[in-house]
Amino acid sequence: MVIAASEFVGYNSHHCKNREATLRKYSVAQGYSPCEVKRCSMKYFFFACFVFLLGCDESTGGGDFCGDAVVDVGEDCDGANLGDQSCTGLGYHGGTLLCDSDCAFDVSGCQAQGECGNGEIEVGTSEECDGNSLGGATCLSLGYYGGTLSCDTECIFDVTGCEPQGRCGDGLLQTAHGETCDGGELGEDDCLSLGYYGGAIACNDNCRYDVTDCALHGLCGDSIIQSPAGEECDSANLGGESCESRGWYDGVLACDNACKVDESDCASFGMCGDGLIQSAGGETCDGTELGGATCLSRGFWGGELLCNAGCTFDESECRSAVAISTGFHFSCALDNFGEAWCWGSGEYGQLGDGTYGPGNLSLVPVAVAMPPGLTFTRISVSNAFACAVDNDGDVWCWGVGNSGQIGNGSFSDAHVPTAIDAPSDITFNEVATGDFHVCARGTGGDVWCWGLGTWGALGDNDLTNHMSNVPVPVSGGHQLHSITCGSQFCC
């Protein structure tokens, strides 16, 4: 500290009696810090007093003197007049400033409150530190991740040496110190990348993710099944499902890390639909695995054996005969699908499959060439021909036709079913065949016959040896309930 000599010119002689305390208080009043005053060497003190003496003369006496309650030049104060100064104005933290008998500040009432720069931290003041006294504080205790803490001239922490190490709240992501975020700095993560199904991520006061909003949208692992997100289960929450409820015969159902049902233990006990026949589960088949069974082995004469959804045989496509009729060296049958099958001799086309000729025969049933979209409900076989009624009430015949048995207006053979030439307003529900003639009963009970009429077989009241290749009504106008034919007659 350097004090110009001019600052002391004009001081009265009584000021020369002031010692170091007077110089110190004056210096503080002039703006010098207490620390600077303390470092003043004695040579400055003697120099100041010398200057004071130069200013001491009788002419300055006049009415200016210590005790006149007026702060004269060179006085700190005078009595109760402190010149608007106070302890805090002199750098102390408080207290009562007084004026001594030499018109110099009496700071004894200030010193008890302490001051910045005395190396002691005054509790209850604005001091955080004082010189080298940091009160045990460090960069770490202030929230920084390291560095060297110091104290500035205002007795406030100087964190300049801490800041390079960073801290939570500085807006910089310090991943090396465990930060996942810092204020608005959230890195590259969001709710989705953290496994949640939506929401907005935030950062808490500890620089860790705040997933409160994310959690409202759920995630795999929260024990809540989020079906819209594709979860089937979640941890121990299986939604009431079990191996049995999912079709398995036994086992323990689990939930994997992707919240999908884990059926691996269930699978060891099998289920309907796994392609393996589980006899213990009551299965007779599974998918295409029929265990070697066929319609034939199941007692049917043809068709395709299937397996239903319950892993038991589906015999709906197996064929069984619902009606059968025999003729001369051949037979025909109707199956449960309304289709006709014939076997044996087929010389005249009586098999109905379009084949004919000497030596033509079949040792197994062959499918009759059915009229498109129609099924047969009745069938009758005779000498070398057959006739059937379809589901629309029409009659069809095939085989030998030399006596008009086909009923289509010709005397030719028919190798496939051929419709008879009946009145369009007549429908039939029953047919019967003789050796060379046919009769059919209409839905109204009326009967029509065609073919060879020897011995009155056509019922047309004609006993001559005549033939009709189209249906003729049986005379008498009777309404009959059923009909059957023998060799050359019908009843």
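The values are calculated or read from the model by the stated rules, or taken from the named source; none is laboratory data. Keep in mind the model is a prediction, meaning the values are calculated, not measured. Neighbour counts run over all protein chains shown; Cβ positions are idealised from the backbone, glycine included. The protein model used for the area step is the full one, side chains on, heavy atoms only, and it has no ligands, DNA or RNA in it. Shrake-Rupley method; radii C 1.70, N 1.55, O 1.52, S 1.80 Å.
Residue-by-condition table, conditions (1) surrounded by fewer than 19 Cβ atoms within 10 Å (Cβ to Cβ); (2) free of Cβ contacts under 8 Å to residues at least 24 places away in the same chain; (3) in contact with a helix residue (DSSP H, G or I) (Cβ under 6 Å, 6 or more places away or on another chain):
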position: T96; (1), (2), (3): yes, yes, yes
position: C99; (1), (2), (3): no, yes, no
position: D106; (1), (2), (3): yes, yes, no
position: Q111; (1), (2), (3): yes, yes, no
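Residue check: G373 meets all listed conditions (1) in a strand (DSSP E or B); (2) open to solvent by 70 Å² or more (accessible area, probe 1.4 Å) but one, namely (1).
Results for (1) part of a strand (DSSP E or B); (2) under 30 Å from I277 (Cβ atoms); (3) without any contact (Cβ under 8 Å) to a residue 24 or more places away in the chain, shown as yes or no for each residue.
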position	(1), (2), (3)
S316	no, yes, yes
V322	yes, no, yes
F328	no, no, no
A333	yes, no, no
E347	no, no, no
T355	no, no, no
G359	no, no, yes
A369	no, no, no
R378	yes, no, no
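What do you reckon, is E188 out of contact with any helix residue (DSSP H, G or I) (no Cβ under 9 Å at 6 or more places or on another chain) and either at pLDDT 90 or above or buried (at least 16 other Cβ atoms within 10 Å of the Cβ) (or both)? No; evaluated as a whole, the condition is false for this residue. Counting the residues of segment 157-168 that are part of a loop (DSSP other than H, G, I, E, B) and either within 14 Å of L140 (Cβ to Cβ) or open to solvent by less than 60 Å² (accessible area, probe 1.4 Å) (or both) gives 5. Can T212 be described as at pLDDT 90 or above, surrounded by fewer than 17 Cβ atoms within 10 Å (Cβ to Cβ) and among the β-branched types (V, I, T)? Yes. Just so you know, in segment 301-314 the residues that are part of a loop (DSSP other than H, G, I, E, B), open to solvent by 40 Å² or more (accessible area, probe 1.4 Å) and in contact with a strand residue (DSSP E or B) (Cβ under 9 Å, 6 or more places away or on another chain) include one that is farthest from L290 (Cα to Cα), and it is W301.
Out of all the residues in segment 460-491, which are assigned to a loop (DSSP other than H, G, I, E, B), of a type in the set (S, T, N, Q) and closer than 20 Å to S424 by Cα? Once the filter is applied, which keeps residues that are assigned to a loop (DSSP other than H, G, I, E, B), of a type in the set (S, T, N, Q) and closer than 20 Å to S424 by Cα, segment 460-491 yields S475, Q479. Screening G275, G251 for residues that are surrounded by fewer than 16 Cβ atoms within 10 Å (Cβ to Cβ), assigned to a loop (DSSP other than H, G, I, E, B) and either more than 22 Å from the chain's Cα centre (by Cα) or hydroxyl-bearing (S, T, Y) (or both) leaves exactly one candidate, G275.
Quick grid of which residues meet (1) modelled with pLDDT of 95 or more; (2) out of contact with any Gly (no Cβ under 7 Å at 6 or more places or on another chain):
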residue: V416; (1), (2): yes, no
residue: A419; (1), (2): yes, yes
residue: V431; (1), (2): yes, yes
residue: A457; (1), (2): no, no
residue: G476; (1), (2): no, yes
residue: S482; (1), (2): no, yes
residue: C485; (1), (2): no, no
residue: Q488; (1), (2): no, no
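Please verify whether segment 416-437 includes one or more residues that are without any contact (Cβ under 8 Å) to a residue 60 or more places away in the chain, in contact with a Lys or Arg (Cβ under 6 Å, 6 or more places away or on another chain) and part of a strand (DSSP E or B). Yes.
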